[in-house]
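So the structure is just underneath, and the comments pick up after that.
Values in this text are rule-based calculations from the coordinates and carry no lab data. Remember, it's a predicted structure, so these values are computed and weren't measured experimentally. With ideal geometry, Cβ positions are generated from the backbone for all residues, glycine too; neighbour counts draw on all protein chains shown.
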Amino acid sequence: MAELHELTIHEAASGLRAGEFSSEELTRAVLDRIERVEPRVQAYIAVDADRALAMAREADERLRAEGESAPALCGIPLALKDNLCTTDFPTTCASKILRDFRPPYDAHVVERLRAAGAVLLGKTNMDEFAMGSSTENSGLHPTANPWDLERIPGGSSGGSAAAVAACEALGALGSDTGGSIRQPAALCGVVGMKPTYGRVSRYGLVAFGSSLDQIGPITRDVEDCAILLDAISGHDERDSTSAPVDVPDFRSFLNQDVRGMKIGIPKEYFAEGMDAEVARAMDESRTAFESLGAELVDVSLPHTDYAVATYYLVATAEASSNLARYDGAQYGHRAEGTENIIDMFSRTRREGFGDEVKRRIMLGTYVLSAGFYDAYYLKALKVRTLIKRDFERAYEKVDAILTPTSPTPAFRKGEKMDDPLHMYLSDIYTISTNLAGIPGVSVPAAVSTDGLPIGLQLMAPNFEEGRLLRAAHAFEREAQVHATLARL
Ligand code: GLN
């Protein structure tokens, strides 16, 4: 049998119910694992072993009392990206400006996990304020890819993806503004889903690009993704963009076949810049879907070329406005010995923010300024509408769309740090779903000859996460992409 820390959420949930082990034992096993591998992976910003064990003991009591009817996540040790507000941990966004910030409330998703009896292990590392694709922009420390410690885990939810891949948590939550759940999931060989915009309440998620941000699960398999999604979805009136739509039982979409499902292959995504091994993995994935009875259909998303530019206008504009609140006046870092309030604002921000965050604030402020607003920001919003229409048109012909998640497997640390544009281009396949609002999932598709994971992405129309789970689960069973992790 697998060791306790290696179990999936659903395996652990049945073990707990069958009395094979307690949540305390399971949590201890994961904490031991963290102690062993964390010096090399550095997935976490904060872990609180005592608190986790106390939560585990409470979960054990609840499991004893409620038995089979206890929620699926009861007693399951999970990790949270450090931009989700928690009352019992600081919430830093991996930024020096929020280093000691302790929120007075829990994020909606954190409340949900607590209510389900989950064990919260700690907060995971990320690119500062979720800006980046490698977790190298963390203002605290970098995180390593568990498959190859010299490589990046992806970003910005790199800590969450690395923790799940390295068995330092059974599952985790991340946030995705332009790919930050799906890309690190792909690069770490795990499953990551960005739900439809509005599916999960953003209450208590520290805002980056408010019209793009979504919270979602990072797990070791598709069934676990459904379980976590079940727990966090649904309307919440504290987030006015949270959608008042019904939440289906996401697990009911598992174990169904994909016969007759029409899957679109957008020609623009298979044009240039794709690593040869990623291209081969995509060929194999197409074959796998065909052998499962899906019908592959060529589609076109003609405005794909403009997606990166559009995203970096919209996201930076929103970020410049969202990050205006960090000025030292109310919380977070405050520069010392300043002469007046303007000096305090500017020195606090200069000292507290890292280079990438400053770059984005400057870009965003520029595109929103009088004289440039129409030429950049307004134009970007128009292109965003065109991108959305591309998808609507494609979904008239197909049920879902298949693409790679990332143009390359995990790159080496430092490889793209001097060239922001190069880094931005690694988001090419993931940002359109955020611009359009639709859901997307990344599933392990292959392992490269260097032993690095490669992910595929499936996208679906709004609120069709169930369809994604159905296709992803069928693929997972067919492709059996199991590989051993780098020795840790
Ligand atoms: N990598 C993208 C960026 O740097 C996406 C980040 C995210 O989804 N949070 O903005």
*Which length gain, in nm to one decimal place, applies between Asp50 and Ser240 when the Cα-Cα distance is subtracted from 0.36 nm times their residue separation?*
64.8 nm
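If we sort 283-293, 464-474 on the protection proxy, mean other Cβ atoms within 10 Å, highest first, what's the order? Don't skip to the end; give the middle numbers.
Numbers: 283-293: 16.0, 464-474: 24.8.
The packing order, highest mean first, is 464-474, 283-293.
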*At 24 Å minimum axial length over the Cα atoms and a Kyte-Doolittle cut of 1.6, report the qualifying DSSP H helices in the chain, or say none.*
none
_Magnitude of the charge dipole, the chain, Cβ model with Lys/Arg +1 and Asp/Glu -1, debye to 20_ = 880
*asked:* I'd like the distance between the alpha-carbon centres of segment 115-132 and segment 298-326, rounded to an integer number of Å.
replied: 24
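Does segment 72-223 come out rounded, prolate or oblate, given a ≥ b ≥ c as the square roots of the eigenvalues of its C-alpha gyration tensor, rounded meaning a/c under 1.5 and, failing that, prolate meaning a/b above b/c? Don't skip to the end; give the middle numbers.
Numbers: a/c = 1.31, a/b = 1.10, b/c = 1.19.
It comes out rounded by the Cα gyration axes.
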*Mind giving me the nanometre distance, one decimal, between the label points for Glu6 and Arg259, set 7 Å out from Cα along Cα→Cβ?*
3.5
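Quick one: of the DSSP bridges fully inside the chain, what percent are antiparallel, nearest 5? Display every interim value, and only then the final one.
Numbers: 29 of 44 bridges.
Once the DSSP bridges in the chain are tallied, antiparallel ones form about 65 percent.
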*Across Lys81/Lys382; Lys96/Lys388; Lys382/Lys413; Lys96/Lys413; Lys267/Lys382, pairs whose alpha-carbon gap is larger than 25 Å*: Lys81/Lys382; Lys96/Lys388; Lys382/Lys413
*What residues from segment 434-468 fall in the zone where the backbone N is under 16 Å from a label point 7 Å along the Cα-to-C-beta line of Arg393?*
436
*Roughly how many whole Å is it from the C-alpha centroid of segment 404-481 to that of segment 348-388?*
25
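Given 0.36 nm per residue, what is the gain on full extension from Lys358 to Glu66 after removing their alpha carbon distance, in nm?
Details: separation 292, 0.36 × 292 = 105.12 nm, distance 5.02 nm.
100.1 nm is the gain from fully extending Lys358 to Glu66.
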*Can you spot the lysines whose alpha carbon is less than 19 Å from Lys262's alpha carbon? Ignore those fewer than 8 places along the same chain.*
Lys397
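Applying 1/(1 + (r/R0)^6) with R0 = 22 Å to the Cβ-Cβ distance of His422 and Ala271, what FRET efficiency is obtained, to the nearest 0.05?
Details: r = 18 Å, r/R0 = 0.80.
The formula returns an efficiency of 0.80 here.
With a/c under 1.5 counting as rounded, go ahead and sort segment 265-304 into rounded, prolate or oblate using the C-alpha gyration tensor (a ≥ b ≥ c being the square roots of the eigenvalues; past the cut-off, prolate if a/b is larger than b/c, else oblate).
Working: a/c = 4.57, a/b = 1.24, b/c = 3.70.
Cα axes put segment 265-304 in the oblate bin.
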*Distance in nm between label sites at Leu378 and Leu149, each 7 Å beyond Cα in the beta-carbon direction?*
5.5
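Taking only C-alpha pairs under 8 Å that are 6+ residues apart, what is the relative contact order of segment 70-204 in percent?
Details: 317 pairs, mean separation 32.7, N = 135.
Relative contact order comes out at 24 percent.
Using Cα pairs closer than 8 Å and at least 6 residues apart in sequence, work out the relative contact order for the chain, in percent.
Working: 1177 pairs, mean separation 84.2, N = 488.
Relative contact order comes out at 17 percent.
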*Using the Cα gyration tensor of segment 398-437, with a ≥ b ≥ c the square roots of its eigenvalues, what is the shape: rounded (a/c below 1.5), prolate (a/b larger than b/c) or oblate (neither)?*
oblate
